[in-house]
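Structure first, then comments.
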Amino acid sequence: MNTRVIIREVLKTIVKSENVKIDEPLSKYTFTKTGGNADFLVFPETSKEVQDVYQYATQQQIPVTIMGFGSNLIIRDGGVRGIVMSLTKLNRIQIKDTKIIIQSGAAISDVSKFALSQGQTGLEFACGIPGSVGGAVYMNAGAYGGEIKDVLMECVVMNKNGELMTLNNEQIGLSYRKSRVAEQGHIILEATVELKPGIYEEIGAKMDDFTLQRQTKQPLEFPSCGSVFKRPEGYFAGKLIQDSGLQGKQIGGAQVSTKHAGFIVNVDKATATDYVKLIRHVQDTVKSKFGIKLETEVKVIGEDLA
């Protein structure tokens, strides 16, 4: 048997056979609908399976890439070598008093809705964030004045040695679109948030308001990776891009949204290369006009086409 067949068969002994895919187009799993193939794409269903896949890959010196919802991610057109682990099947949500314990592959928006159903307040801001809990913790996702760090108690992570650790809020080290767990390369498996009892109607009304704002202001009719750039201190990225005359600027099928300049949307079969070129063009233009370097909030991974 060749090496690829051996890897596939070993992975099938760790996770269910239907949860192992070879040469899988990652464009099927990203919000931009772009990205090349993964050599191997696996969907573990338990923390133990994550550990076992990671341990096998480490022993065989196979690179491992962790993927959540692919909402804030651009995967280059050459794809990703080695094993991509999608954690979307780790999606259990449980409540214990005012604490909600969530596996990292659950949608943060679903957790927000679950909190509403339990009459718990504190996660209303997350009702429209299109990412996983793991991704939300990894980059301290936020919206409408709220951030994950405001409610996160602790999380269970796997370190680079494949060991499980429980970290508290301070150890997780959350700041604006950053976390210490991301810097240290930990894999987030579970998070616990602590909320407060609230009034169902008031929580629902706030979520409805946030949803309406999002629908009104964001280009949800096109595939996109959400807000592309971090907010520069003292400025708004979208305003800088708009004032640079870049709204509607298009490279290939990727376009700076005419509805919200902070978004780059896929309007016509865009490739990841189109996205990356347009991001660089926006950065260069804003830097030239205003002397401000826009940092990306979106993560770009993978290889260019040969």
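The sole residue among K293, K299, K277, K269 that is closer than 22 Å to T65 by Cβ and open to solvent by 100 Å² or more (accessible area, probe 1.4 Å) is K299. Among the residues of region 222-229, is any in contact (Cβ under 8 Å) with a residue 60 or more places away in the chain, of a type in the set (F, W, Y) and open to solvent by less than 20 Å² (accessible area, probe 1.4 Å)? Yes, that holds for at least one residue.
Residues in region 291-306 that are more than 21 Å from the chain's Cα centre (by Cα) and either part of a strand (DSSP E or B) or under 23 Å from R177 (Cα atoms) (or both): G291, I292, K293. Answer yes or no: is there a residue in region 82-95 that is at pLDDT below 95, open to solvent by 30 Å² or more (accessible area, probe 1.4 Å) and within 18 Å of the chain's Cα centre (by Cα). No; the residues of region 82-95 include none that is at pLDDT below 95, open to solvent by 30 Å² or more (accessible area, probe 1.4 Å) and within 18 Å of the chain's Cα centre (by Cα).
Within the option set L246, L278, being modelled with pLDDT of 95 or more, hydrophobic (A, V, I, L, M, F, W, C) and either touching a Cys at 6+ places or on another chain (Cβ under 7 Å) or over 30 Å from G82 (Cβ atoms) (or both) holds for one residue only, L246. Of all residues in region 124-149, those satisfying the criterion of being part of a loop (DSSP other than H, G, I, E, B) and either among the hydrophobic types (A, V, I, L, M, F, W, C) or crowded, with 18+ Cβ neighbours inside 10 Å (or both) are I129, P130, G131, M139, N140, A141. Does at least one position in region 223-236 carry a residue that is under 24 Å from V137 (Cβ atoms), among the hydrophobic types (A, V, I, L, M, F, W, C) and in contact with a Phe, Trp or Tyr (Cβ under 6 Å, 6 or more places away or on another chain)? Checking region 223-236: at least one residue is under 24 Å from V137 (Cβ atoms), among the hydrophobic types (A, V, I, L, M, F, W, C) and in contact with a Phe, Trp or Tyr (Cβ under 6 Å, 6 or more places away or on another chain). Scanning region 44-61 for residues that are open to solvent by 20 Å² or more (accessible area, probe 1.4 Å) and within 18 Å of the chain's Cα centre (by Cα) returns no hits.
Residue count for region 109-123, restricted to those that are open to solvent by 10 Å² or more (accessible area, probe 1.4 Å) and outside any loop (DSSP other than H, G, I, E, B): 8. Applying the set (1) at pLDDT 95 or above; (2) out of contact with any Ser or Thr (no Cβ under 9 Å at 6 or more places or on another chain); (3) more than 21 Å from P130 (Cβ to Cβ); (4) of a type outside the set (V, I, T) to K289 leaves exactly one unmet item: (2). Restricted to strands (runs of 3 or more DSSP E) entirely inside region 1-99, those with at least 3 residues that are under 30 Å from T296 (Cα atoms) are 20-25, 37-42, 64-67, 73-75, 80-86.
Within region 132-155, residues that are closer than 12 Å to G173 by Cβ have Cβ atoms under 6 Å from residues that are polar (S, T, N, Q) and open to solvent by 10 Å² or more (accessible area, probe 1.4 Å) in these pairs: L152/N169, counting only partners at least 6 apart in sequence or on another chain. I188 meets the conditions (1) open to solvent by 20 Å² or more (accessible area, probe 1.4 Å); (2) in contact with a strand residue (DSSP E or B) (Cβ under 7 Å, 6 or more places away or on another chain) in every case but one. The failed one is (1).
Test I199 against the stated conditions and say whether it is over 18 Å from the mean Cα position of the chain (by Cα), surrounded by 20 or more Cβ atoms within 10 Å (Cβ to Cβ) and at pLDDT 95 or above. No: the conditions fail for I199. For region 232-267, a residue qualifies if it is acidic (D, E) and more than 24 Å from the chain's Cα centre (by Cα), and exactly one does: D243. When D209 is tested against the conditions (1) surrounded by fewer than 18 Cβ atoms within 10 Å (Cβ to Cβ); (2) in contact (Cβ under 8 Å) with a residue 12 or more places away in the chain; (3) over 20 Å from the mean Cα position of the chain (by Cα), the lone failure is (2). Of all the listed residues (G291, G238), the sole one being on the phi > 0 side of the Ramachandran plot and among the small types (G, A, S) is G291. None of D284, D268 is farther than 27 Å from N140 by Cα and either in a helix (DSSP H, G or I) or without any contact (Cβ under 8 Å) to a residue 24 or more places away in the chain (or both) except D268. Criterion applied to I83, I93 was being within 26 Å of L11 (Cβ to Cβ), of a type in the set (V, I, T) and touching a Phe, Trp or Tyr at 6+ places or on another chain (Cβ under 7 Å), and the one residue passing it is I83.
The values are calculated or read from the model by the stated rules, or taken from the named source; none is laboratory data. This structure is a prediction, so every number in the text was calculated from the model and none was measured. All Cβ positions, glycine included, derive from the backbone under ideal geometry; neighbour counts span all protein chains shown. Each accessible area value is taken on the protein alone, full model and side chains, heavy atoms only, with ligands, DNA and RNA left out. Shrake-Rupley method; radii C 1.70, N 1.55, O 1.52, S 1.80 Å.
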